[in-house]
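The next block holds one structure in the form of structure tokens; read it before the comments.
The values are calculated or read from the model by the stated rules, or taken from the named source; none is laboratory data. This structure is a prediction, so every number in the text was calculated from the model and none was measured. For neighbour counting, all protein chains shown are included, and Cβ atoms are generated from backbone atoms with ideal geometry for every residue, glycine included.
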Amino acid sequence: MKLRLLGTAATFAGIVLIVAGCSSPPSTTSTAAAAQSTATASDTAMASTLAYIKGGLPNLKGASIAYLAECASQNAYCQTRWTAAQKAASDLGAKVTLFDAGFDTAKQLSQTQDAIQQGFDGYVLAPVADAAGCANFNLIQATGKPIVNINSPMCGNPDYTPGTVGFVGIQTQSFFRQHAEQAFASCKGTCDALALGGSVGSDLFTRWDNAIKEAAVEYPNVHVVSQPSDFDPAKALSITQDALSSTPDLQLVLCGWDDATRGVEQAILAAGKTPGKDVRIYSAGASSAGVAKVAAGTWNETSIELPFEESYYGFAELAKAMATGVTTPGFTDLAQSPAVVDGPGSIFVTSDNAAKFTPEY
């Protein structure tokens, strides 16, 4: 049985491909203008944030900041972001209080209400989900205190939400589409592929799944199944085993998180195939383990994610607003950070450029 395309339903400015889908294509002129406008806003946001940090962060001694995170201890990415939050608070002379929602929207709402009652001077919000995060944002906004949004967009926006003092992240739908298109471009003929994302119902999986479907339209030679794996290596192993059993000529597996990709590799080996050759592997995260696998040629690629910068830049933008009243509207896209631009020069880590990238978790 062939895999079929499903119809329904992870230290620091690079090239970002802005891709949008619509029911009827706009004119070439309007598309180019929109892309230029988005790119300019992103360039400006990153440049102004880097310049502000380079100029020296303000002393916010006595200030209190609430870090409302969708996660903080659940995996290495979340832990690295919390480490960066504490480093940023220390550099600012401010006190940061962690509210770890553990990916629970109800818990994050309760924590948001609690934080508002405590009366913080500023808020860093990493929403669990788009709509729920938007509701929390509206609650905080009513206090008149500045809010910066990191990691996950909200309020139906692809990235920056007006009313926040800035948005820092990389895991947008555009990022995942670039990841998928990069993988699909490796197929020279008809190609069966498997895409493994996070958890059904989560905005992260929805963005991933939508990006896979959009990329598949551009590459009709690729027949792809998109499935959730909860970023769990054991589930990734089981799903990949099933796919290899039903489709022995499976050529390509995309996985949204390096840790889960370990399960993909194990399944390929168990099937008597060579990872990275018989079945190509495109992962995401650029963790220490992931980059090592790519450097060794076991995996073909891992896409860069930067949890330390994500958090630290967010705190810098919040501090700027608190100290000067000046906000950073637009998308501070981590694909444009020095870790990418001055490193591999691309969000895609391959065996050719792996030595130019230093993993941070």
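A few comments on the model shown:
- Looking at the stretch 201-289, the helices (runs of 4 or more DSSP H) lying wholly inside it that each contain 3 or more residues that are small (Gly, Ala, Ser) and within 26 Å of residue 335 (Cα to Cα) sit at 203-218.
- Against the criterion of being surrounded by fewer than 23 Cβ atoms within 10 Å (Cβ to Cβ) and modelled with pLDDT of 95 or more, residue 194 does not qualify.
- Unique residue being over 20 Å from the mean Cα position of the chain (by Cα) and outside the structural domain of residue 65 (by TED's automatic domain parsing) when the list is 279, 294: 279
- Of the listed requirements (1) closer than 18 Å to residue 258 by Cα; (2) of a type in the set (S, T, N, Q); (3) buried (at least 23 other Cβ atoms within 10 Å of the Cβ), residue 164 misses just one: (1).
- Residue that is farthest from residue 152 (Cα to Cα) [pool: residues in the stretch 198-246 that are among the small types (Gly, Ala, Ser) and in contact with a Cys (Cβ under 8 Å, 6 or more places away or on another chain)]: 236
- Listed by first and then second residue, the pairs with beta-carbon distance under 8 Å, at least 6 apart or on different chains, first residue in the stretch 132-145 and modelled with pLDDT of 95 or more, second among the aromatic types (Phe, Trp, Tyr), are 140/123; 145/120; 145/123.
- Here 117, 111 are screened, and the one residue that is surrounded by fewer than 17 Cβ atoms within 10 Å (Cβ to Cβ) and either closer than 23 Å to residue 176 by Cβ or out of contact with any Ser or Thr (no Cβ under 8 Å at 6 or more places or on another chain) (or both) is 117.
- Residue among 97, 80 that is buried (at least 18 other Cβ atoms within 10 Å of the Cβ), of a type in the set (Ser, Thr, Tyr), modelled with pLDDT of 95 or more and not in a loop (DSSP other than H, G, I, E, B): 80
- Flag if residue 339 is modelled with pLDDT of 95 or more and in a strand (DSSP E or B): no
- Applying the condition of being of a type outside the set (D, E, K, R) and within 13 Å of the chain's Cα centre (by Cα) to the stretch 332-346 and asking which residue is nearest to residue 167 (Cα to Cα) yields 332.
- Across the stretch 221-252, the qualifying residues are those that are of a type in the set (S, T, N, Q) and within 10 Å of residue 279 (Cβ to Cβ), and the one among them that is surrounded by the fewest Cβ atoms within 10 Å (Cβ to Cβ) is 251.
- Of all residues in the stretch 292-305, those satisfying the criterion of being surrounded by 24 or more Cβ atoms within 10 Å (Cβ to Cβ), of a type in the set (A, V, I, L, M, F, W, C) and not in a loop (DSSP other than H, G, I, E, B) are 294, 304.
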